[in-house]
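Worksheet: one structure, shown below.
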Amino acid sequence: MNYFDVLENKRKHVFKYTDRIPDKEIIEDCLYKAWKTTPSKNQAMPYKVYVWGPEHKEEKIKIHKLVNRRHHEVELQAVKDGKQKSTQQGIENPYYEHVKYNPYLFTIHMRQAKPNKFYQDQIKKGHWFDQGDPTRMNKNIDITAVEVGLFAQNLSYYLLEKGLDISYNSTFSRDVREWRDELGYKTEGRPITMISCGYAKQYRWQILQAENKTDWDKKPDIGDIIKWQ
């Protein structure tokens, strides 16, 4: 299968994973390839990928709590701002279950980068290596998030190519202090995204199909997104 076919046919949101655990060597190989092929400004890669494997069940439950908490907070804020009439009363979204029950979970966080030998020499000449400035980390969030997106997409492709399934999630607290409080130990910086991985038992589209809602959940028309000038 070519690149398009892999993404078009294999990339589906996972509702539930099987208990089958992918070989660690496959995960390591895909992570290596994503690291190797993802570009970065100043070769900095100002982010860190935490790999929560099969042994980290308790940590995944705690991360799942951060996800649901944030989901409810957003609903409460929408009501407070008058943009929504009511919340879902804290009911857990079942489509977040993949964050809690999976063989592997990757959470990607910001980190303070260090210049390589080339950029150490450039700094002496006046270059400003802003990814190494701790006061700039949050100000650089847009650049870092783009690079994290590139890494996440590359990693996803390599995992899918190996026959694994993946799902993304972007609903969670961005406050690293909440992560540290919940998990009980330090994660390096502000979280940006997360990806779960394993072998799918059931996809989200199958749930929608059973409810005759397959045509309800579609992307915007291509003409709404791409405009030739």
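The values are calculated or read from the model by the stated rules, or taken from the named source; none is laboratory data. Here the structure is a predicted model, which means the values were calculated and not measured. Please note: Cβ atoms are built from the backbone with ideal geometry, for glycine as well, and neighbour counts cover all protein chains shown. The area values use the complete protein model at the heavy-atom level, side chains included, leaving out ligands, DNA and RNA. Shrake-Rupley method; radii C 1.70, N 1.55, O 1.52, S 1.80 Å.
Side notes on the structure shown:
- Estimated [θ] at 222 nm from DSSP helical runs (n ≥ 4, -39500 (n - 2.57)) normalised by residues in the chain, nearest 500: -13000 deg cm²/dmol
- In this simple spin-label model, placing a label point 7 Å from the Cα along the Cα-to-Cβ direction at both E92 and E55 gives a separation of 2.5 nm.
- Surrounding net charge for E28, when Lys and Arg each add one and Asp and Glu each subtract one, Cβ distance under 14 Å: +1
- In this simple spin-label approximation, E75 and F118 carry label points 7 Å from Cα along the Cα→Cβ vector, and these lie 5.0 nm apart.
- The chain: radius of gyration and largest Cα-Cα distance (Dmax), Å: 19.5, 63
- The chain, accessible surface, carbon-and-sulfur percent (1.4 angstrom probe): 51 percent
- Rounded to the nearest angstrom and listed largest first, the equivalent-ellipsoid semi-axes of the range 89-146 from its Cα gyration tensor are 38, 14, 7.
- Å² per residue, accessible surface of the range 59-130 at 1.4 Å: 62 Å²
- Cross-link pairs exceeding 28 Å between alpha carbons, from the set K33/K117; K80/K227; K24/K62; K57/K117; K48/K83; K12/K48: K80/K227; K57/K117; K48/K83.
- Computed label-point distance, nm, for sites A145 and D215 using a 7 Å Cα→Cβ extension: 3.5 nm
- Percent RCO, i.e. relative contact order, over the range 90-190, from Cα pairs under 8 Å lying at least 6 residues apart: 30 percent
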